[in-house]
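Novice: Once you've had a glance at the structure underneath, I'll fire off some questions.
Rule-based calculations on the coordinates, nothing more; no lab input. A quick note: this is a predicted structure, and the numbers were derived from the prediction, not measured. We place every Cβ from the backbone using ideal geometry, glycine too, and count neighbours over all the protein chains shown.
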Amino acid sequence: MGIFIRLLFSTVIFFLLHSSVFCFPRIHPTFPRYQNIRVRPEITSDSIKAKAKTQLYETKFHTQILDHFTFTPQSYQTFQQRYLISYKYWGGAKQNAPIFVYTGNEGDIEWFTQNTGFMFEQAPHFKALLVFIEHRFYGKSIPFGGDKKVAYANSSTLGYLTSTQALADYATLIIDLKNNLTANDSPVVVFGGSYGGMLAAWFRLKYPHVAIGALASSAPILYFENITSQYSFYDTVAKDFRSESENCYKVIKGSWQEIEDTAKRTGGLELLSKSFRICENSMDVDSLEGWLSEAYIYTAMTDYPTPSNFLQPMPAYPVKQMCKAIDDPKAGNNTFQKLYGAANIYFNYTGNVTCFDLNDDSDPHGLAEWQWQACTEMILPMSGNSDKSIFPAYNYSYTDRAQSCKASYGVEPRPSWITTEYGGHVSTQRPNPYKSFTKMLKVAHFTCHIVHAIFLAFTYVYNVSCPPPLYRIYTGF
């Protein structure tokens with residue numbers, strides 16, 4: 001199945017680049033009829049990762065302006081935007097060889113590049129130039145002189161961290177790069193996964209004169225304004241585990257009450273700390289439940305069919321391995337031993353960790369500023385838990401989100417902005433901006449392990465729609 005899908009992708013890209021019959025309309029986004037959440041890229045092989053820093057790409061910087069949409073004096077401030085480029089397979093401007101561009105996510109671009117094997121695999125077939133552009137305010141692409149303390153100081157500076165500014169960054173960088181390479185006739189195809197996939201899709205909508213097509217994997221573009229059920233996200237996580245083992249699903253689902261009941265008893269916290277090998281002075285029941293939730297969610301998110309090292313070192317099919325640990329007869333009826341074995345698949349597959357620090361809030365990939373985006377325009381009502389979920393029942397509350405954002409940043413979210421800017425609502429009275437993302441097949445076992453709760457992975461000529469429970473989920477880091 002994996003070979004088939006890769007051949008399909010290759011065919012899609014071939015038509016994008018070479019067919020004079022297979023045309024793409026210029027799509028103009030429509031406004032919605034009514035006003036009113038880490039991902040992920042493909043996995044590279046160990047050999048690709050080993051070569052990444054030495055020969056797969058060069059690091060360059062583009063002088064980018066701060067604000068593309070106003071002409072105030074401050075808008076002309078500049079910063080250095082990082083991009084990674086590989087000429088290794090490029091056929092050159094004289095051959096009008098294509099340019100494949102990765103629309104950077106909410107983190108360090110090297111991290112995503114080293115985990116995006118698909119583009120490196122396809123480049124030789126199309127003699128493509130590879131470009132990976134870092135998103136503003138992440139990695140080393142920091143405005144205000146590269147000073148994170150200044151850039152992240154408050155809403156006055158963070159206000160320039162938006163998807164529209166990021167897309168304009170990508171457009172100006174691509175156009176400038178093509179001019180410098182005398183490659184104005186080289187077609188551009190944009191790629192992205194997760195939030196980067198959303199950006200790839202939106203880039204094609206907003207800049208059709210720059211990119212002839214987009215391949216957006218795991219892109220929850222319809223997860224706004226309750227277009228998709230608030231329960232879809234966590235229900236799909238539950239289905240992923242339930243598909244492996246009914247007992248596994250039931251053990252996790254019933255464990256939360258057992259954890260809370262134990263915590264209330266004399267000596268309960270000490271028992272929990274010992275059972276889960278928690279480091280001293282970092283034990284409380286809320287943190288423990290959050291730690292376990294993280295393991296389940298991110299394991300479902302990276303439920304790849306091969307070993308990976310994207311979020312954590314993990315085996316192939318880690319959800320299956322988690323359920324094996326929970327179903328292991330050696331654990332008997334000890335729920336905590338079962339959960340500890342499962343958590344180790346995500347947090348300690350290498351076996352090197354001696355204890356787990358629940359207070360560890362390190363951010364090795366520089367993802368923290370996503371919280372600003374999640375408090376402004378990326379309002380994805382996805383945190384609801386139905387009675388089918390493996391997590392306790394909960395209803396998403398926009399009011400709670402708005403109050404939290406107001407307290408943190410002094411701003412109120414704009415939940416309708418994304419659908420206003422890019423579309424999303426389907427109306428019988430006006431065009432649907434996403435209708436050209438045509439369905440061509442359904443598969444039950446592809447990277448459906450890595451497709452978002454909205455179940456979309458698409459280009460302008462193909463869409464994989466994955467039935468649950470095989471999908472990827474997104475938590476918005």
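Novice: What is the packing order of peptides 210-218, 171-179, 223-231, 58-66, taking the mean over residues of other C-beta atoms within 10 Å and listing the highest first?
Specialist: Going by the mean number of other Cβ atoms within 10 Å, highest first, we get 210-218, 223-231, 171-179, 58-66.
Novice: On a 28 Å Cα-Cα criterion, which of the cross-link pairs K239/K338; K149/K206; K324/K388; K140/K206 come out too long?
Specialist: K149/K206
Novice: Please sort 370-383, 350-363 by packing, taking for each peptide the average over its residues of neighbouring beta carbons within 10 angstrom, highest first.
Specialist: Packing proxy ranking, top to bottom: 370-383, 350-363.
Novice: Using the structure shown, select from K148/K178; K148/K406; K264/K330 the pairs with a Cα to Cα distance greater than 23 angstrom.
Specialist: The answer is K148/K178; K264/K330.
Novice: Related question: Under 9 Å from the Cβ of Q64, count the other residues' Cβ atoms, weight Lys and Arg +1, Asp and Glu -1, and hand me the total.
Specialist: 0
Novice: Please label the shape of the stretch 154-238 as rounded, prolate or oblate, based on the square roots a ≥ b ≥ c of the eigenvalues of the alpha-carbon gyration tensor (a/c under 1.5 means rounded; beyond that, a/b larger than b/c means prolate, else oblate).
Specialist: Cα axes put the stretch 154-238 in the oblate bin.
Novice: Could I ask something else about it? Run the reach check for K127 against aspartates and glutamates, Cα to Cα strictly under 16 Å, same-chain hits fewer than 8 apart removed. What comes back?
Specialist: D185
Novice: Taking a ≥ b ≥ c as the square roots of the Cα gyration tensor eigenvalues, with a/c under 1.5 meaning rounded and otherwise prolate when a/b beats b/c, else oblate, which class fits the stretch 171-314?
Specialist: Prolate.
Novice: If you don't mind, another one. In whole Hz, with x marking every Gly and Pro, tabulate ³J(HN,Hα) for the stretch 376-389 from phi via Karplus 6.51 cos²θ - 1.76 cosθ + 1.60, θ = phi - 60°.
Specialist: Per-residue couplings from phi come out as 10, 10, 8, 8, 9, x, 10, 9, x, 10, 8, 6, 7, 5 Hz.
Novice: To continue, here is another question. From the square roots a ≥ b ≥ c of the eigenvalues of the alpha-carbon gyration tensor of the stretch 298-368, which class results: rounded (a/c under 1.5), prolate (a/b over b/c), or oblate?
Specialist: oblate
Novice: Another question, then. Which length gain, in nm to one decimal place, applies between Q55 and Y398 when the Cα-Cα distance is subtracted from 0.36 nm times their residue separation?
Specialist: Residue separation times 0.36 nm, minus the Cα-Cα distance, leaves 118.8 nm.
Novice: Sticking with this structure for a sec: Can you tell me the Rg and Dmax of the stretch 265-318, counting just the alpha carbons, in angstroms?
Specialist: 14.2, 44
Novice: Quote to one decimal, in nm, the extra length available between K140 and A368 on full extension: 0.36 nm per residue of separation minus the C-alpha distance between them.
Specialist: 80.7 nm
Novice: May I ask you to give the average projected area over all directions of the convex hull of the Cα atoms of the stretch 78-127, in nm² rounded to one decimal?
Specialist: The number I arrive at for the stretch 78-127 is 4.5 nm².
Novice: Taking the Cα-to-Cβ direction at D361 and at Q77 and moving 7 Å from each Cα, how far apart do the two end points lie in nm?
Specialist: 2.6
Novice: To continue, here is another question. Suppose the chain between A93 and K274 were pulled fully straight at 0.36 nm per residue; how much longer would it get relative to their current alpha carbon spacing?
Specialist: 58.9 nm
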